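Taking it in order: structure first as structure tokens, then the write-up.
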Amino acid sequence: MSDDVRAERIEQLIGALRDDNEALRDHAIASLSQVGEDAVGPLIGLMADEDVLIREAATSAIVRIGPSVVDPLIEALEDDEWAIREQAASGLGKLKDPRGVDPLVKALKDKDGAVRTAAVWALERVGDARAVPGLVEALTDNTVREDVARVLKKIGDARAVDALIDGLLGNNWMVRRHAAEALGKIGDARGVDPLIESLKDEDWLVRRNAAESLARLGAKQAIAPLLPLLEDENTMVQETVEGVLASLGWNAKP
């Protein structure tokens, strides 16, 4: 196939990505992935389209090309168009290539919230602990902190303990939920006292997660603070605490 014919074919397939017919769009995605690296440039350009479905279709086509697109996507993280940066982050997450970790951590400081959100999502997909320091810093970002707390919980790295304790004692209920669970998963004793304090949290799932984490930590000093939760207003908390107390060696007096 000559260069001109190849370029024309790419242009036709790019046009098909705009079609209302989903099956035709899927065919175009598959065909563009087979074209390979010659299609990357035009596809990255399409990531700036005003239609989110077209942007996502372009990203899907690029991802299907494979690992050779990692470097172009990393470069696209520096593009002037926010939508291209967002889709580049998404693409790197789908590829799960460790080369994307450092650029994605840098993207956590992007001026656009959608890009930062996509970077957090991508780092969750990659699951590389090298991202932890950057994620810890991003835990103060109001736009992404709930997602960041979830990712730190999933990675389970002890370097996040201090920041998770701050989140556990903070004013965002979703962050508190993730932090309460994460501290048990990480298994660091520094989490015991804050988790005990969180047994009084106004959110029932924070209380339940804190109780479960104290069980994971084997924190027998939590037995007395746990006892009032046997009469918690939420039955799921009551049931969880019964199991936690048993695991910590407490027996109700007959």
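The values are calculated or read from the model by the stated rules, or taken from the named source; none is laboratory data. The structure presented is a predicted model; accordingly, all values stated were derived computationally and were not measured. We place every Cβ from the backbone using ideal geometry, glycine too, and count neighbours over all the protein chains shown. Ligands, DNA and RNA are stripped out before the accessible areas are found, and what is left, the full protein with its side chains, is counted by its heavy atoms. Shrake-Rupley method; radii C 1.70, N 1.55, O 1.52, S 1.80 Å.
Numerical summary
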| quantity | calculated |
| --- | --- |
| The chain: Rg to Rh, with Rh as the Kirkwood radius over Cα pairs | 1.16 |
| Cleavage-rule hits, GluC sites (Glu not before Pro), the range 128-215, DSSP coil, Cβ neighbours within 10 Å at most 14 | Glu202 |
| Kirkwood Rh in Å, taken over all unlike Cα pairs in the range 151-254 | 13.3 Å |
| Cα gyration tensor category, rounded, prolate or oblate, for the range 67-211 with a/c compared to 1.5 | prolate |
| Residue-normalised accessible area of the chain, expressed per residue, 1.4 Å probe, Å² | 50 Å² |
| Per-selection metrics, the range 36-148 (Cα): Rg and Dmax in Å | 13.0, 41 |
| Total charge dipole magnitude, the chain, about the Cα centre, Cβ charges on Lys, Arg, Asp, Glu only, Debye to nearest 20 | 1280 debye |
| Whole-percent carbon and sulfur share, accessible surface of the chain, 1.4 Å | 47 percent |
| Ordering of 9-16, 183-190 by packing [mean C-beta count within 10 Å, highest first] | 183-190, 9-16 |
| Positive-end extreme of charge dipole, the chain - chosen from Val63, Ala222, Ala39 (charges on Cβ) | Ala222 |
| Pairwise label distance in nanometres, Asp193 with Asn171, each label 7 Å out on the Cα-Cβ vector | 2.4 nm |
